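Asks: My structure is below; once you've seen it, I'll send some questions.
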Amino acid sequence: MRIFGIVLAAGQGKRMKSKLYKVLHPVCGKPMVGHVLDVLEAVRVDRKVVIVGHGAEAVQAYVGDRAEFALQAEQLGTGHAVSMARPMLESEDGITVVICGDTPLIRPDSLEAMIRMHVEQGAAATLMSASLEAPGGYGRVVRNAQGGVERIVEQKDCSPEEDAIREINAGTYCFDNRKLFAALAHVKNDNSQNEYYFTDVIGILRGQGEKVLAYCTNDPSEWIGVNDRIALSEAEAFMRQRINRAHMANGVTIVDPSATYIEKDVVIGADTVLLPGTALRGRTVVGEDCRIGPNCELTDTIVGSGVDIKQSVLSEAEVGDGSSVGPFAYLRPGAKLAGRVKIGDFVEIKNAFLDEGVKVSHLSYVGDAEIGKNVNVGCGAITVNFDGFNKHKTIIGDDAFIGSNVNLVAPVTVGKGAFVVAGSTITKDVADNDMAIARERQTNKAGYAEKLRGRFKAAKENKKSP
Ligand code: UD1
Ligand code: CA
């Protein structure tokens, strides 16, 4: 059986009071429409159609080739929105899932269970519902005397009796595709908002004697439709909890899950410990037996196993097995550490490869560089990579020693096993095993300190006596 998915994503989301289109607001780092597409992909739909309108270009740019698009130029309601997919899907045979772009917490297993129920019981339509203590704002599921689903009534059109109904429409449905488009033709806009409500297809199908079912979810988060920033924060909290629990179930220790922020596509190995204030974003991958935090932010960063990272910010970086980073280090795009590298406090690394066993322990900037195995970069040593116009490269061979406070003015190469004396400003290449010293020779003046103190004292006394 072929399955099709229609995602409603054309609304502006007025209640968000935002310049960003509603479905592009991120929940745990991923735009809501991205979460919804993940769900459709997890149940392996054959075709996905995203209905775009407000911010169509931005939504299309984000979704890219994950879906086909239908434009709803004017937002006349959810029913009108679904009908935009008519030319694309009308003549297909199969099941069509309709899902709102603002319900990021729908779970693939629930959708799958709903589709199974729909197929097994031969329904024309099945909707996802939930029973809420405070159902305000959602459409209500009206049932008949036998307990069957009869229709959906929107909050704004509810009679007092309907207003008291606790069972709400979660905004996710599946249909027999042909029956869906046939029923959709009968939807009118004679309601309090003069909108074509998609929800009316339920009553229309029932009126035609069709079988309509409700799949009731008991997950307290799943039904959240994000219409405003309050719901956005609730969705974020539920999603965060769901993600963190999945990692804990896989063997990751999260010391304080309420203060650990892991985006959805992050991968973490077993026996890794995350300390509070840690954010793992984008396509970050962390290996096993690591200790990360407190207060670390890793974005699109690959971390090996047995790595220790404290109080640091890493972005598009790679950290090899057994390395340690921080406290207070900054690894910028292109920073690549091989195994057992040590990066200490107040060190910044950008676009540089540091081979096995390199140590940059304190107060350094390493940019546009290649550093060989077991090199020690002393405190305060830096690569001078920018001449005001262009960036240049620094190369340091295996086992070299760079003294404290050295300036390596690029382009420059320091050979294998070479020794650069502290305080040197290196502008010429250093050959393998050479020692380089580039600083003013020191002169000591015997007893001169006593002389200086005498002068200072005299000057002070002159000032006092007028
Ligand atoms: C909708 C349902 C309601 C349900 C709730 C679940 C209708 C009429 N009501 O209400 O029963 O309880 O979702 O969250 O469907 N959209 C378009 N084009 C339009 C209008 C809306 O694409 O012309 C999109 C929006 O971008 C949004 C989705 O459809 O992603 C739902 O629209 P929204 O206005 O949020 O509907 P609700 O009032 O929440
Ligand atoms: Ca909504």
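A short reminder: the numbers here are calculations on the coordinates, not readings from a lab. Predicted model, so just to flag it, every value in this text is computed and none were measured. Note: ideal-geometry Cβ built from the backbone for every residue, glycine included; neighbour counts use all protein chains shown.
Asks: For the chain, what is the calculated [θ] at 222 nm in deg cm²/dmol (nearest 500), taking -39500 (n - 2.57) for each run of four or more DSSP H residues and dividing by its residue count?
Replies: Value at 222 nm, helices only, nearest 500: -6500 deg cm²/dmol.
Asks: Restricting to Cα pairs below 8 Å that are 6+ residues apart, what does the relative contact order work out to for the range 3-216? Please round to a whole percent.
Replies: Over the range 3-216, the number comes to 24 percent.
Asks: Efficiency by 1/(1 + (r/R0)^6): what FRET value for GLN241 and PHE419, r their Cβ-Cβ distance, R0 = 51 Å, to the nearest 0.05?
Replies: 0.40
Asks: What does the extension gain come out to for ARG332 and ARG116, with contour length at 0.36 nm per residue minus their alpha carbon separation? Intermediate values should be presented prior to the final figure.
Replies: Numbers: separation 216, 0.36 × 216 = 77.76 nm, distance 4.75 nm.
Taking ARG332 through ARG116 to full extension adds about 73.0 nm, to one decimal.
Asks: Nearest 0.05, what FRET efficiency do GLU162 and HIS186 give at R0 = 25 Å with Cβ-Cβ as r?
Replies: Details: r = 21 Å, r/R0 = 0.85.
So, using R0 = 25 Å, E works out to roughly 0.70.
Asks: Next question, about the same structure. Looking at the chain only, what percent of DSSP beta bridges run antiparallel? Nearest 5 please.
Replies: Close to 20 percent.
Asks: Further question on the same structure: Which value, in debye to the nearest 20, gives the size of the charge dipole of the range 1-107 about its Cα centre, when Lys and Arg are +1 and Asp and Glu are -1 at the Cβ?
Replies: Working: 13 positive and 11 negative charges, 105 e Å.
Computed about the Cα centre, the dipole is about 500 debye.
Asks: Let me ask another. Report the gain in length on full extension from VAL255 to GLN155: 0.36 nm times residue separation, minus Cα-Cα distance, nm rounded to one decimal.
Replies: So the chain would gain 31.8 nm between VAL255 and GLN155.
Asks: Continuing with this model, one more query. Rounded to two decimal places and with Rh computed the Kirkwood way over Cα pairs, what is Rg over Rh for the chain?
Replies: On the way: Rg = 32.0 Å, Rh = 26.4 Å.
Radius of gyration relative to Kirkwood radius: 1.21.
Asks: Using each residue's phi in the range 190-201, evaluate 6.51 cos²θ - 1.76 cosθ + 1.60 at θ = phi - 60° and report the 3J(HN,Hα) Karplus result to the nearest Hz, with x for Gly and Pro.
Replies: Per residue, the Karplus-derived 3J(HN,Hα) values read 7, 9, 4, 9, 6, 10, 7, 7, 4, 4, 5, 4 Hz.
Asks: Using R₀ = 35 Å, calculate the FRET efficiency as 1/(1 + (r/R₀)^6) where r is the Cβ-Cβ separation of SER233 and MET88; round to 0.05.
Replies: 0.50
Asks: Report the equivalent ellipsoid semi-axes for the range 363-461 in whole Å, largest first, defined as the square roots of five times the eigenvalues of the gyration tensor built from alpha carbon atoms.
Replies: 36, 16, 11
Asks: Tell me the relative contact order for the chain as a rounded percent, counting alpha carbon contacts under 8 Å between residues six or more apart.
Replies: Once normalised by length, the contact order is 8 percent.
Asks: Mind running the shape call on the range 3-216? Use the C-alpha gyration tensor, a ≥ b ≥ c as the square roots of the eigenvalues: rounded below 1.5 for a/c, prolate if a/b tops b/c, oblate otherwise.
Replies: It is rounded, given that a/c, with a ≥ b ≥ c, falls under 1.5.
Asks: Over the range 396-466, what is the relative contact order in percent, taking alpha-carbon pairs closer than 8 angstrom and at least six residues apart? Display every interim value, and only then the final one.
Replies: Numbers: 115 pairs, mean separation 16.8, N = 71.
Normalised by residue count, the contact order of the range 396-466 is 24 percent.
Asks: Listed highest first by mean packing, meaning other Cβ atoms within 10 Å per residue, what order do 114-122, 181-189 come in?
Replies: Result, highest mean Cβ count within 10 Å first: 181-189, 114-122.
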